[in-house]
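Student: The following block contains the structure, expressed as structure tokens.
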Amino acid sequence: MTRILATGTFDILHPGHLYYLDQARKYGSELYVLVARDSTIEHKPKPIVPEKQRLEMVKALKVVDHALLGSEEDMFKPLEEVQPDIIVLGHDQVFDEKELEDKLQKRGFNTRVVRLGKPHQCPLCSSGGIIKRILERKRTEL
């Protein structure tokens, strides 16, 4: 059995999230998804949807076997429970694959890191794109 770990914020679920998780699933037989905590997100605006609701949405996806919240203290802590064979990163995630593999190895994990290519383009394949569209519509209604 090959355990795959995918991580992300998963704010306002959209087709890009489904593509990412579907592609990640192809690398193994069991897909774990680590949902970022509200307090640890620093590289982009804070999510609209609270972390517990985002977790419930991810858990409800057919492609996902297990979903859990990340740690507020140590991003590697949940990996002790999951013990992933492969971590699959989305095309736009801020991690450097080699640096992450090195950090994992130093902590005793024998985990490979894979980055997916950019998915096919669709107008609403990002939470930011959805928010932008909503704001544009709201402005035209005023």
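Only the coordinates and a few stated rules stand behind these numbers; no lab work does. These figures come from a predicted structure and were not determined experimentally. We place every Cβ from the backbone using ideal geometry, glycine too, and count neighbours over all the protein chains shown.
Student: How many residues does segment 17-36 hold that are more than 11 Å from I86 (Cβ to Cβ), of a type in the set (A, V, I, L, M), in contact (Cβ under 8 Å) with a residue 40 or more places away in the chain and surrounded by 18 or more Cβ atoms within 10 Å (Cβ to Cβ)?
Tutor: Qualifying residue count for the region: 2.
Student: Given the options L100, L89, L135, L104, name the one that is of a type outside the set (G, A, S) and under 14 Å from the mean Cα position of the chain (by Cα).
Tutor: Only one candidate passes the filter, namely L89.
Student: Only one of V63, V58, V49, V33 is under 20 Å from R112 (Cα atoms) and either of a type in the set (A, V, I, L, M) or in a loop (DSSP other than H, G, I, E, B) (or both); which?
Tutor: On inspection, the qualifying residue turns out to be V33.
Student: Restricted to segment 38-54, and to residues that are surrounded by 12 or more Cβ atoms within 10 Å (Cβ to Cβ) and in contact (Cβ under 8 Å) with a residue 24 or more places away in the chain, which residue is farthest from L13 (Cα to Cα)?
Tutor: T40
Student: Name every residue in segment 1-16 that is surrounded by fewer than 18 Cβ atoms within 10 Å (Cβ to Cβ) and polar (S, T, N, Q), in order of residue number.
Tutor: Result: T2, single match.
Student: For segment 86-99, name all the residues that are closer than 18 Å to T9 by Cα and either assigned to a strand (DSSP E or B) or aliphatic (A, V, I, L, M) (or both).
Tutor: I87, V88, L89, V94 - these are the residues of segment 86-99 that are closer than 18 Å to T9 by Cα and either assigned to a strand (DSSP E or B) or aliphatic (A, V, I, L, M) (or both).
Student: Filter segment 114-142 down to the residues that are assigned to a loop (DSSP other than H, G, I, E, B) and either among the basic types (K, R) or without any contact (Cβ under 8 Å) to a residue 40 or more places away in the chain (or both), then identify the one that is surrounded by the most Cβ atoms within 10 Å (Cβ to Cβ).
Tutor: K118
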